[in-house]
Ligand SMILES: *Cc1c(COP(=O)(O)O)cnc(C)c1O
(Lines give C-alpha, C1' and ligand atoms only; values in the text may rest on other atoms or scores of the structure.)
Protein backbone atom coordinates (compact mmCIF):
# COMPACT_ATOMS: atom_id res chain seq x y z
CA UNK A 1 0.00 0.00 0.00
CA UNK A 2 1.28 3.43 -0.97
CA UNK A 3 0.21 6.72 0.56
CA UNK A 4 0.79 9.44 -2.00
CA UNK A 5 1.98 12.96 -1.35
CA UNK A 6 -0.63 14.28 -3.79
CA UNK A 7 -3.30 12.30 -5.59
CA UNK A 8 -5.17 14.06 -8.41
CA UNK A 9 -6.74 10.79 -9.63
CA UNK A 10 -8.66 10.59 -6.36
CA UNK A 11 -10.37 13.87 -7.32
CA UNK A 12 -11.45 12.35 -10.61
CA UNK A 13 -12.97 9.28 -8.99
CA UNK A 14 -14.77 11.42 -6.42
CA UNK A 15 -16.81 13.17 -9.13
CA UNK A 16 -16.26 10.81 -12.04
CA UNK A 17 -19.82 10.97 -13.43
CA UNK A 18 -20.00 14.72 -13.47
CA UNK A 19 -16.58 15.06 -15.08
CA UNK A 20 -17.19 12.41 -17.72
CA UNK A 21 -20.46 14.07 -18.68
CA UNK A 22 -18.82 17.50 -18.88
CA UNK A 23 -16.00 16.19 -21.07
CA UNK A 24 -18.38 14.27 -23.36
CA UNK A 25 -20.46 17.38 -23.80
CA UNK A 26 -17.41 19.25 -25.07
CA UNK A 27 -16.34 16.42 -27.33
CA UNK A 28 -19.76 16.37 -28.95
CA UNK A 29 -20.02 20.15 -29.23
CA UNK A 30 -17.48 20.71 -31.99
CA UNK A 31 -15.99 23.68 -30.09
CA UNK A 32 -12.65 22.83 -28.47
CA UNK A 33 -10.74 26.07 -27.82
CA UNK A 34 -11.96 29.32 -26.18
CA UNK A 35 -15.68 28.60 -26.33
CA UNK A 36 -18.66 28.61 -23.98
CA UNK A 37 -16.97 26.47 -21.31
CA UNK A 38 -13.99 28.84 -21.07
CA UNK A 39 -16.35 31.85 -20.92
CA UNK A 40 -18.43 30.21 -18.22
CA UNK A 41 -15.39 29.14 -16.19
CA UNK A 42 -13.93 32.65 -16.39
CA UNK A 43 -17.21 34.14 -15.16
CA UNK A 44 -17.64 31.60 -12.38
CA UNK A 45 -14.06 31.94 -11.18
CA UNK A 46 -14.33 35.77 -11.17
CA UNK A 47 -17.57 35.52 -9.22
CA UNK A 48 -16.02 33.07 -6.76
CA UNK A 49 -13.11 35.43 -6.05
CA UNK A 50 -15.30 38.52 -6.13
CA UNK A 51 -13.09 40.08 -8.79
CA UNK A 52 -14.19 41.82 -11.99
CA UNK A 53 -12.24 39.96 -14.66
CA UNK A 54 -10.80 36.48 -15.12
CA UNK A 55 -9.02 35.30 -18.26
CA UNK A 56 -8.13 31.66 -18.86
CA UNK A 57 -4.68 30.81 -20.26
CA UNK A 58 -2.72 27.66 -21.05
CA UNK A 59 -0.86 27.23 -17.73
CA UNK A 60 0.37 29.02 -14.63
CA UNK A 61 3.78 29.96 -16.02
CA UNK A 62 2.09 31.67 -18.97
CA UNK A 63 -0.30 33.40 -16.57
CA UNK A 64 2.67 35.11 -14.89
CA UNK A 65 4.45 35.90 -18.16
CA UNK A 66 1.31 37.41 -19.70
CA UNK A 67 0.57 39.41 -16.54
CA UNK A 68 4.06 40.91 -16.77
CA UNK A 69 3.63 41.71 -20.48
CA UNK A 70 0.29 43.34 -19.76
CA UNK A 71 2.10 45.80 -17.47
CA UNK A 72 4.37 46.92 -20.32
CA UNK A 73 7.45 45.79 -18.52
CA UNK A 74 10.42 46.05 -20.88
CA UNK A 75 13.68 44.14 -21.29
CA UNK A 76 16.10 45.29 -18.64
CA UNK A 77 13.32 46.12 -16.18
CA UNK A 78 13.57 44.34 -12.85
CA UNK A 79 11.01 42.31 -10.97
CA UNK A 80 11.55 41.37 -7.34
CA UNK A 81 10.45 37.96 -6.10
CA UNK A 82 11.68 35.11 -3.91
CA UNK A 83 14.29 32.44 -4.56
CA UNK A 84 12.26 29.94 -2.54
CA UNK A 85 9.51 29.19 -5.08
CA UNK A 86 8.64 26.98 -8.03
CA UNK A 87 11.07 27.65 -10.86
CA UNK A 88 8.03 28.70 -12.91
CA UNK A 89 7.83 32.09 -11.15
CA UNK A 90 11.35 33.01 -12.22
CA UNK A 91 11.13 31.33 -15.65
CA UNK A 92 8.06 33.48 -16.40
CA UNK A 93 9.91 36.70 -15.49
CA UNK A 94 12.69 35.78 -17.91
CA UNK A 95 10.27 34.77 -20.68
CA UNK A 96 8.75 38.22 -20.42
CA UNK A 97 12.24 39.68 -20.88
CA UNK A 98 12.62 41.11 -17.39
CA UNK A 99 15.41 40.51 -14.88
CA UNK A 100 14.51 38.48 -11.77
CA UNK A 101 15.80 40.07 -8.56
CA UNK A 102 15.57 37.49 -5.80
CA UNK A 103 15.20 38.08 -2.08
CA UNK A 104 15.05 35.90 1.00
CA UNK A 105 11.93 34.56 2.72
CA UNK A 106 11.09 34.94 6.40
CA UNK A 107 11.76 31.95 8.68
CA UNK A 108 8.19 31.65 10.01
CA UNK A 109 5.93 31.61 6.98
CA UNK A 110 8.53 30.99 4.23
CA UNK A 111 7.14 33.82 2.12
CA UNK A 112 8.81 37.01 0.85
CA UNK A 113 10.50 38.89 3.70
CA UNK A 114 9.33 42.50 3.23
CA UNK A 115 12.30 43.86 5.18
CA UNK A 116 14.49 42.75 2.25
CA UNK A 117 12.61 44.79 -0.34
CA UNK A 118 14.35 48.13 0.13
CA UNK A 119 17.83 46.80 -0.60
CA UNK A 120 16.52 45.04 -3.73
CA UNK A 121 14.95 48.22 -5.10
CA UNK A 122 16.64 49.94 -8.05
CA UNK A 123 15.60 52.61 -10.56
CA UNK A 124 14.67 49.73 -12.90
CA UNK A 125 12.35 47.95 -10.47
CA UNK A 126 8.87 47.75 -11.99
CA UNK A 127 7.05 45.09 -9.99
CA UNK A 128 7.06 42.65 -7.09
CA UNK A 129 5.69 39.13 -7.45
CA UNK A 130 4.33 37.92 -4.10
CA UNK A 131 4.23 34.12 -4.07
CA UNK A 132 1.64 32.63 -1.73
CA UNK A 133 3.65 29.48 -1.24
CA UNK A 134 2.08 26.28 0.16
CA UNK A 135 -1.32 28.04 0.26
CA UNK A 136 -0.01 30.51 2.84
CA UNK A 137 -0.55 34.23 2.14
CA UNK A 138 2.60 36.33 1.78
CA UNK A 139 2.66 39.52 3.89
CA UNK A 140 0.45 41.48 1.52
CA UNK A 141 0.12 44.48 3.79
CA UNK A 142 3.84 45.21 3.93
CA UNK A 143 4.40 44.22 0.30
CA UNK A 144 1.56 46.32 -1.11
CA UNK A 145 2.62 49.30 1.02
CA UNK A 146 6.10 48.99 -0.46
CA UNK A 147 4.68 48.81 -3.98
CA UNK A 148 2.45 51.86 -3.47
CA UNK A 149 5.24 53.89 -1.89
CA UNK A 150 7.56 53.18 -4.81
CA UNK A 151 4.91 53.28 -7.52
CA UNK A 152 5.52 49.78 -8.79
CA UNK A 153 3.13 46.96 -9.63
CA UNK A 154 2.14 44.02 -7.45
CA UNK A 155 1.53 40.65 -9.09
CA UNK A 156 0.33 37.75 -6.96
CA UNK A 157 1.43 34.21 -7.77
CA UNK A 158 -1.56 32.27 -6.40
CA UNK A 159 -0.72 28.95 -8.03
CA UNK A 160 -0.80 27.24 -4.64
CA UNK A 161 -3.50 29.37 -3.06
CA UNK A 162 -6.88 29.08 -4.81
CA UNK A 163 -9.50 30.16 -2.31
CA UNK A 164 -7.08 31.43 0.35
CA UNK A 165 -7.79 34.78 1.97
CA UNK A 166 -5.87 37.80 3.18
CA UNK A 167 -8.16 39.45 5.76
CA UNK A 168 -11.48 39.43 3.90
CA UNK A 169 -10.08 39.37 0.40
CA UNK A 170 -9.32 36.36 -1.75
CA UNK A 171 -5.67 36.07 -2.73
CA UNK A 172 -5.18 37.27 -6.29
CA UNK A 173 -7.47 40.26 -5.83
CA UNK A 174 -5.16 42.43 -3.73
CA UNK A 175 -2.45 43.14 -6.33
CA UNK A 176 -2.86 44.55 -9.85
CA UNK A 177 -3.01 41.03 -11.29
CA UNK A 178 -3.41 37.59 -9.74
CA UNK A 179 -2.04 34.51 -11.51
CA UNK A 180 -3.21 30.95 -10.95
CA UNK A 181 -1.94 27.60 -12.19
CA UNK A 182 -4.51 24.83 -12.50
CA UNK A 183 -1.95 22.04 -12.86
CA UNK A 184 -3.60 18.75 -11.80
CA UNK A 185 -2.23 18.67 -8.24
CA UNK A 186 -3.11 22.29 -7.40
CA UNK A 187 -6.04 23.11 -5.10
CA UNK A 188 -8.10 23.81 -8.21
CA UNK A 189 -6.61 21.45 -10.75
CA UNK A 190 -7.51 20.47 -14.30
CA UNK A 191 -6.67 17.07 -15.82
CA UNK A 192 -4.06 18.65 -18.01
CA UNK A 193 -2.48 22.11 -18.13
CA UNK A 194 -4.49 25.23 -17.39
CA UNK A 195 -4.07 28.67 -15.85
CA UNK A 196 -6.06 31.82 -15.17
CA UNK A 197 -5.34 35.51 -14.58
CA UNK A 198 -7.60 37.81 -12.55
CA UNK A 199 -7.78 41.60 -12.17
CA UNK A 200 -10.11 44.41 -11.18
CA UNK A 201 -8.51 46.67 -13.79
CA UNK A 202 -10.44 46.73 -17.05
CA UNK A 203 -7.53 47.94 -19.20
CA UNK A 204 -5.18 45.27 -17.86
CA UNK A 205 -7.80 42.56 -18.34
CA UNK A 206 -8.37 43.61 -21.95
CA UNK A 207 -4.63 43.58 -22.59
CA UNK A 208 -4.31 40.09 -21.08
CA UNK A 209 -7.09 38.89 -23.35
CA UNK A 210 -5.29 40.23 -26.41
CA UNK A 211 -1.94 38.80 -25.35
CA UNK A 212 -3.24 35.26 -24.89
CA UNK A 213 -4.16 35.00 -28.58
CA UNK A 214 -1.76 36.77 -30.96
CA UNK A 215 -2.96 40.21 -29.93
CA UNK A 216 -6.21 39.61 -31.78
CA UNK A 217 -9.18 41.82 -31.11
CA UNK A 218 -10.67 40.58 -34.32
CA UNK A 219 -9.68 37.24 -35.80
CA UNK A 220 -6.45 37.33 -37.85
CA UNK A 221 -5.77 41.00 -37.12
CA UNK A 222 -3.06 41.48 -34.47
CA UNK A 223 -3.33 44.77 -32.59
CA UNK A 224 -0.27 44.02 -30.47
CA UNK A 225 2.29 41.20 -30.67
CA UNK A 226 0.83 38.34 -28.65
CA UNK A 227 1.21 34.70 -27.74
CA UNK A 228 -0.73 31.53 -28.12
CA UNK A 229 -1.72 30.69 -24.58
CA UNK A 230 -5.32 29.57 -24.89
CA UNK A 231 -7.31 27.52 -22.43
CA UNK A 232 -9.11 24.60 -24.03
CA UNK A 233 -12.76 23.72 -23.58
CA UNK A 234 -12.22 20.29 -22.04
CA UNK A 235 -10.02 21.66 -19.25
CA UNK A 236 -12.42 24.57 -18.66
CA UNK A 237 -15.38 22.16 -18.40
CA UNK A 238 -13.45 20.05 -15.86
CA UNK A 239 -12.48 23.15 -13.88
CA UNK A 240 -16.13 24.26 -13.74
CA UNK A 241 -17.03 20.98 -12.05
CA UNK A 242 -14.07 21.18 -9.69
CA UNK A 243 -14.69 24.80 -8.75
CA UNK A 244 -17.96 23.71 -7.11
CA UNK A 245 -15.94 21.59 -4.70
CA UNK A 246 -13.07 24.03 -4.08
CA UNK A 247 -14.40 25.26 -0.73
CA UNK A 248 -15.16 21.81 0.63
CA UNK A 249 -11.82 20.50 -0.62
CA UNK A 250 -9.95 23.37 1.01
CA UNK A 251 -11.85 22.71 4.22
CA UNK A 252 -10.71 19.07 4.15
CA UNK A 253 -7.14 20.21 3.59
CA UNK A 254 -7.42 22.47 6.64
CA UNK A 255 -8.83 19.62 8.71
CA UNK A 256 -5.98 17.32 7.72
CA UNK A 257 -3.50 20.10 8.53
CA UNK A 258 -5.17 20.61 11.91
CA UNK A 259 -4.83 16.92 12.68
CA UNK A 260 -1.13 16.91 11.70
CA UNK A 261 -0.47 20.01 13.80
CA UNK A 262 -2.22 18.57 16.84
CA UNK A 263 -0.64 15.11 16.59
CA UNK A 264 2.91 16.17 15.77
CA UNK A 265 3.10 19.06 18.23
CA UNK A 266 5.27 17.23 20.76
CA UNK A 267 7.88 16.04 18.33
CA UNK A 268 11.10 17.97 17.58
CA UNK A 269 9.73 19.18 14.23
CA UNK A 270 9.03 22.68 12.95
CA UNK A 271 5.35 22.81 12.00
CA UNK A 272 3.59 25.37 9.76
CA UNK A 273 2.50 28.66 11.32
CA UNK A 274 -0.68 30.57 10.51
CA UNK A 275 -0.97 34.29 9.91
CA UNK A 276 -3.51 36.16 11.99
CA UNK A 277 -6.84 36.93 10.25
CA UNK A 278 -5.87 35.00 7.15
CA UNK A 279 -7.26 31.81 5.73
CA UNK A 280 -4.62 29.51 4.30
CA UNK A 281 -5.51 26.53 2.08
CA UNK A 282 -2.65 24.08 2.68
CA UNK A 283 -1.71 23.26 -0.87
CA UNK A 284 1.12 21.54 0.99
CA UNK A 285 1.78 20.73 4.62
CA UNK A 286 5.47 21.43 5.03
CA UNK A 287 7.44 20.55 8.14
CA UNK A 288 11.10 21.28 8.85
CA UNK A 289 13.54 18.87 10.40
CA UNK A 290 17.34 18.94 10.33
CA UNK A 291 17.53 15.18 9.75
CA UNK A 292 15.09 15.29 6.87
CA UNK A 293 16.65 12.61 4.67
CA UNK A 294 16.52 10.00 7.46
CA UNK A 295 12.89 10.77 8.21
CA UNK A 296 12.06 10.70 4.52
CA UNK A 297 13.71 7.31 4.05
CA UNK A 298 11.89 5.97 7.10
CA UNK A 299 8.52 7.03 5.72
CA UNK A 300 9.38 5.70 2.27
CA UNK A 301 10.11 2.31 3.83
CA UNK A 302 6.51 2.21 5.04
CA UNK A 303 5.10 3.22 1.66
CA UNK A 304 4.56 6.87 2.57
CA UNK A 305 5.59 9.32 -0.11
CA UNK A 306 6.77 12.79 0.76
CA UNK A 307 7.93 15.72 -1.36
CA UNK A 308 10.52 18.49 -1.15
CA UNK A 309 9.25 21.87 -2.28
CA UNK A 310 11.87 22.94 -3.19
CA UNK A 311 15.23 21.20 -2.87
CA UNK A 312 17.38 23.88 -4.51
CA UNK A 313 16.82 27.66 -4.29
CA UNK A 314 16.51 29.26 -7.72
CA UNK A 315 19.61 31.43 -7.24
CA UNK A 316 21.70 28.25 -6.85
CA UNK A 317 20.29 26.33 -9.83
CA UNK A 318 22.60 25.77 -12.81
CA UNK A 319 20.31 27.62 -15.22
CA UNK A 320 19.89 30.68 -13.03
CA UNK A 321 22.85 31.18 -10.72
CA UNK A 322 24.76 33.42 -13.09
CA UNK A 323 21.76 35.32 -14.43
CA UNK A 324 19.42 36.30 -11.62
CA UNK A 325 20.24 39.27 -9.42
CA UNK A 326 20.66 38.69 -5.70
CA UNK A 327 21.10 41.76 -3.52
CA UNK A 328 21.21 40.41 0.02
CA UNK A 329 21.77 37.32 2.11
CA UNK A 330 19.70 34.20 1.39
CA UNK A 331 20.13 32.79 4.86
CA UNK A 332 16.63 31.41 5.43
CA UNK A 333 16.13 30.24 1.85
CA UNK A 334 19.38 28.28 1.88
CA UNK A 335 18.84 26.85 5.35
CA UNK A 336 15.28 25.64 4.89
CA UNK A 337 15.87 24.05 1.48
CA UNK A 338 17.81 21.36 3.34
CA UNK A 339 15.15 20.85 6.01
CA UNK A 340 11.70 21.10 4.43
CA UNK A 341 9.54 18.05 3.89
CA UNK A 342 6.02 17.99 2.42
CA UNK A 343 3.77 15.39 4.07
CA UNK A 344 0.90 13.68 2.21
CA UNK A 345 -1.78 16.33 1.70
CA UNK A 346 -4.86 16.13 -0.49
CA UNK A 347 -8.58 16.32 0.32
CA UNK A 348 -9.20 12.60 -0.26
CA UNK A 349 -6.47 11.43 2.15
CA UNK A 350 -8.49 9.08 4.36
CA UNK A 351 -8.55 9.22 8.18
CA UNK A 352 -6.83 5.82 8.18
CA UNK A 353 -4.06 6.96 5.88
CA UNK A 354 -3.65 10.12 7.93
CA UNK A 355 -3.22 8.20 11.17
CA UNK A 356 -0.78 5.83 9.46
CA UNK A 357 1.36 8.81 8.44
CA UNK A 358 1.21 10.27 11.96
CA UNK A 359 2.02 6.94 13.64
CA UNK A 360 4.88 6.24 11.27
CA UNK A 361 6.41 9.65 12.00
CA UNK A 362 6.08 8.87 15.70
CA UNK A 363 7.85 5.51 15.35
CA UNK A 364 10.81 7.38 13.84
CA UNK A 365 11.30 9.19 17.14
CA UNK A 366 10.32 6.49 19.62
C1 LIG B 1 2.59 25.39 -10.18
C2 LIG B 1 3.22 26.73 -9.98
C3 LIG B 1 3.46 27.62 -11.04
C4 LIG B 1 3.38 27.24 -12.48
O5 LIG B 1 2.29 26.65 -12.94
P6 LIG B 1 2.27 25.72 -14.25
O7 LIG B 1 0.81 25.59 -14.47
O8 LIG B 1 2.92 24.44 -13.89
O9 LIG B 1 2.95 26.44 -15.35
C10 LIG B 1 3.93 28.88 -10.73
N11 LIG B 1 4.17 29.26 -9.47
C12 LIG B 1 3.97 28.43 -8.42
C13 LIG B 1 4.26 28.91 -7.05
C14 LIG B 1 3.50 27.13 -8.64
O15 LIG B 1 3.33 26.31 -7.61
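The values are calculated or read from the model by the stated rules, or taken from the named source; none is laboratory data. In this text, all values refer to a predicted model and were calculated from it rather than measured experimentally. Methodologically, a virtual Cβ is constructed for each residue, glycine included, from the backbone with ideal geometry; neighbour enumeration extends over all protein chains shown.
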Discussion item. Quick test for you: out of 181, 122, pick the one residue that is in contact with a strand residue (DSSP E or B) (Cβ under 8 Å, 6 or more places away or on another chain) and either more than 26 Å from residue 229 (Cβ to Cβ) or not assigned by TED's automatic domain parsing to the domain that holds residue 80 (or both).
Written reply: 122
Item to complete: Among the residues of region 40-53, write down those that are within 16 Å of the ligand (Cβ to nearest atom) and under 18 Å from residue 160 (Cβ atoms).
Response: 45
Worksheet entry | Scan of region 297-334 for residues that are under 29 Å from residue 359 (Cβ atoms) and either in contact with a helix residue (DSSP H, G or I) (Cβ under 7 Å, 6 or more places away or on another chain) or surrounded by fewer than 19 Cβ atoms within 10 Å (Cβ to Cβ) (or both), ordered by number | 297, 298, 299, 300, 301, 302, 303, 304, 305, 306, 308, 311
Worksheet entry | Qualifying positions in region 269-286 - outside any loop (DSSP other than H, G, I, E, B) and either assigned by TED's automatic domain parsing to the domain that holds residue 142 or over 23 Å from residue 189 (Cβ atoms) (or both) | 270
Worksheet entry | Members of region 189-203 that are assigned to a loop (DSSP other than H, G, I, E, B), in contact (Cβ under 8 Å) with a residue 60 or more places away in the chain and within 14 Å of the ligand (Cβ to nearest atom) | 189, 191, 193, 194
Worksheet, complete the sentence: Scanning region 59-103 for residues that are more than 23 Å from residue 225 (Cα to Cα) and within 11 Å of the ligand (Cβ to nearest atom), the one surrounded by the fewest Cβ atoms within 10 Å (Cβ to Cβ) turns out to be 87
Fill in: Selected residue (criterion: nearest to residue 362 (Cα to Cα)) from residues of region 287-313 that are under 18 Å from the mean Cα position of the chain (by Cα) and assigned to a loop (DSSP other than H, G, I, E, B)
308
Fill in: Single residue of region 67-84 satisfying the filter (in contact with a helix residue (DSSP H, G or I) (Cβ under 6 Å, 6 or more places away or on another chain) and assigned to a helix (DSSP H, G or I)) that is nearest to residue 200 (Cα to Cα)
70
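How many residues are loosely packed, with under 15 Cβ neighbours inside 10 Å and on the phi > 0 side of the Ramachandran plot when one looks only at region 204-228? Walk me through how you get there before you give the answer.
So the first thing to find is which residues in region 204-228 are loosely packed, with under 15 Cβ neighbours inside 10 Å, and the list is 217-225, 228.
With the extra rule that they be on the phi > 0 side of the Ramachandran plot, the set shrinks to 220.
Counting residues in region 204-228 that are loosely packed, with under 15 Cβ neighbours inside 10 Å and on the phi > 0 side of the Ramachandran plot gives 1.
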Worksheet item: Quick check, is residue 266 assigned to a loop (DSSP other than H, G, I, E, B) and closer than 30 Å to residue 168 by Cβ?
Response: no
Discussion item. Can you report the number of residues in region 229-260 which are within 15 Å of residue 354 (Cβ to Cβ), buried (at least 21 other Cβ atoms within 10 Å of the Cβ) and under 19 Å from the mean Cα position of the chain (by Cα)?
Written reply: 2
